[in-house]
Amino acid sequence: MHAYQRQLNAGVLAYQHSPSANRAVFYPRLVCPFSGSDQLEWRASAGRGTVHAVTYLYPRDEPAYNVVLVDVDEGFRMMSRVLTPEGVAGDSVKIGDRVRVRIVHTEGKDSVPFFEPEGGAA
């Protein structure tokens, strides 16, 4: 199992940092895409960020849901979904919304990082 997934399973959203480029590196890799260095450090994200882009999917006979790009405060961007509270439409997420990570653990499966509105409601 990859180090990133091990940390997610332990409840930590991890990313790599490149000291040579002084930048966050995400999705994890063997070599820094900015400097070519193989000296990458693992760090734990506080899991807060801002919705950079959002699109909505409207499956037939199912509630709408979103797919987002989140600019995480530590300096990397990741794709995920914003889970909205019960009774709040999945298509209510907007660009610029502040979000925080919520790692979802499912018995017998790898954990997955989703986001939720930072204030508790979309």
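The values are calculated or read from the model by the stated rules, or taken from the named source; none is laboratory data. If you're wondering where the values come from, they're calculated on a predicted model, not measured in any experiment. With ideal geometry, Cβ positions are generated from the backbone for all residues, glycine too; neighbour counts draw on all protein chains shown. These area figures cover heavy atoms from the full protein model, side chains too; ligands, DNA and RNA do not enter into them. Shrake-Rupley method; radii C 1.70, N 1.55, O 1.52, S 1.80 Å.
Taking the residues in region 110-122 that are in a strand (DSSP E or B), within 30 Å of Phe34 (Cα to Cα) and not aromatic (Phe, Trp, Tyr) as candidates, determine which candidate is farthest from the chain's Cα centre (by Cα).
Once the filter is applied, the top-ranked residue is Val112.
Rundown of residues vs (1) open to solvent by less than 70 Å² (accessible area, probe 1.4 Å); (2) modelled with pLDDT under 95; (3) closer than 14 Å to Pro113 by Cα, yes/no style:
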position: His2; (1), (2), (3): no, yes, no
position: Val12; (1), (2), (3): yes, no, yes
position: Asn22; (1), (2), (3): no, no, no
position: Ala64; (1), (2), (3): yes, yes, no
position: Ser80; (1), (2), (3): yes, no, yes
position: Val88; (1), (2), (3): yes, yes, no
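Counting only residues that are open to solvent by 40 Å² or more (accessible area, probe 1.4 Å) and on the phi > 0 side of the Ramachandran plot, how many does region 35-56 have?
Total satisfying the criteria: 1.
Which one is nearest to Gln5 (Cα to Cα), of the residues in region 93-109 that are of a type in the set (Val, Ile, Thr) and assigned to a loop (DSSP other than H, G, I, E, B)?
Applying the first criterion (of a type in the set (Val, Ile, Thr)) to region 93-109 yields 93, 95, 99, 101, 103-104, 106.
Subset that is assigned to a loop (DSSP other than H, G, I, E, B): 93, 95, 106.
On the way: Val93: 27, Ile95: 28, Thr106: 13 Å.
Only one residue tops the list, namely Thr106.
Exactly one condition in (1) modelled with pLDDT under 95; (2) under 16 Å from the mean Cα position of the chain (by Cα) is false for Leu69; which is it?
Going through (1) modelled with pLDDT under 95; (2) under 16 Å from the mean Cα position of the chain (by Cα) one by one, Leu69 breaks only (1).
Looking only at strands (runs of 3 or more DSSP E) that fall completely inside region 5-91, which ones have 3 or more residues that are touching a strand residue (DSSP E or B) at 6+ places or on another chain (Cβ under 6 Å) and of a type in the set (Ser, Thr, Tyr)? Break it down stepwise before answering.
Working: elements: 14-18, 23-25, 41-44, 48-57, 65-72, 76-80.
By residue number, 48-57.
If you go through region 98-122, how many residues are of a type in the set (Asp, Glu), open to solvent by less than 50 Å² (accessible area, probe 1.4 Å) and touching a residue at least 40 places away in the same chain (Cβ under 8 Å)? Show your work before the answer.
Of region 98-122, the ones of a type in the set (Asp, Glu) are 107, 110, 116, 118.
Now restrict to residues that are open to solvent by less than 50 Å² (accessible area, probe 1.4 Å): 116.
From the residues that got through so far, the ones that are touching a residue at least 40 places away in the same chain (Cβ under 8 Å) too are none.
Number satisfying all stated conditions: 0.
Out of all the residues in region 77-87, is one or more touching a residue at least 40 places away in the same chain (Cβ under 8 Å) and closer than 30 Å to Ala21 by Cα? Write out each step before concluding.
Quick first cut of region 77-87, residues touching a residue at least 40 places away in the same chain (Cβ under 8 Å) only: 77-78, 82.
Now narrow it down to the ones that are closer than 30 Å to Ala21 by Cα: 77-78.
Looking through region 77-87, at least one residue is touching a residue at least 40 places away in the same chain (Cβ under 8 Å) and closer than 30 Å to Ala21 by Cα.
What is the one condition in (1) touching a residue at least 40 places away in the same chain (Cβ under 8 Å); (2) open to solvent by less than 40 Å² (accessible area, probe 1.4 Å); (3) more than 18 Å from Ser111 (Cβ to Cβ) that Ser18 does not satisfy?
It is condition (1) that Ser18 fails.
If Pro59 passes every condition in (1) farther than 23 Å from Ser111 by Cα; (2) surrounded by 13 or more Cβ atoms within 10 Å (Cβ to Cβ) but one, which one does it miss?
With respect to (1) farther than 23 Å from Ser111 by Cα; (2) surrounded by 13 or more Cβ atoms within 10 Å (Cβ to Cβ), Pro59 is out only on (2).
Taking into account only those residues within region 24-34 that are in contact (Cβ under 8 Å) with a residue 12 or more places away in the chain and open to solvent by 70 Å² or more (accessible area, probe 1.4 Å), which is farthest from Glu118 (Cα to Cα)?
Taking region 24-34 first, the residues in contact (Cβ under 8 Å) with a residue 12 or more places away in the chain are 24-29, 32, 34.
With open to solvent by 70 Å² or more (accessible area, probe 1.4 Å) added as a condition, the list becomes 27, 29, 34.
Working: Tyr27: 23, Arg29: 29, Phe34: 31 Å.
Residue satisfying both the conditions and the ranking: Phe34.
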